[in-house]
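Before any comments, here is the structure.
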Amino acid sequence: METSLSRLLVGLSVKIIRSDGRVHLATVKSADSVKYAVMVEWNERNVCRGKEVDLSELCTLNPELLDHIKNATNNATEPPPPALDKKYEGRLRSSRIPAPFSCM
């Protein structure tokens, strides 16, 4: 997982599955590229709770997440469109600087 990928994930609201089987929304707070896992947080009864979720589990519960990542990485890797040569549309003016006077 690249740092650019972790930048895409942090802040997203995703579905997670709790240890008791419940599925609910949580917010991605960080991503670990070594473990291929993300840290998520949610509020429950005025208490902030957190859990480390494996990236494969996250993608299983959130199939739209893969589309989001693919679209974002494809947009980032596409080269910018070539710049069009802009033709001068205004009136062409001659220089107002006088030519040098040469003495012979």
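Here, each number is a calculation from the coordinates, and none is a lab measurement. Since this is a predicted model, take the numbers as computed values, not measurements. All Cβ positions, even for glycine, are placed from backbone atoms using ideal geometry, and neighbour counts span all protein chains on display.
Put simply, the stretch 18-61 fits an ellipsoid with semi-axes of 19, 13, 8 Å; these come from the alpha carbon gyration tensor as the roots of five times its eigenvalues, largest first. Label-to-label distance, SER30 versus LEU12, with points set 7 angstrom from Cα along the beta-carbon direction: 1.9 nm. Length, then width, then depth: along the principal axes, the Cα atoms of the stretch 3-77 run 42, 21, 20 Å.
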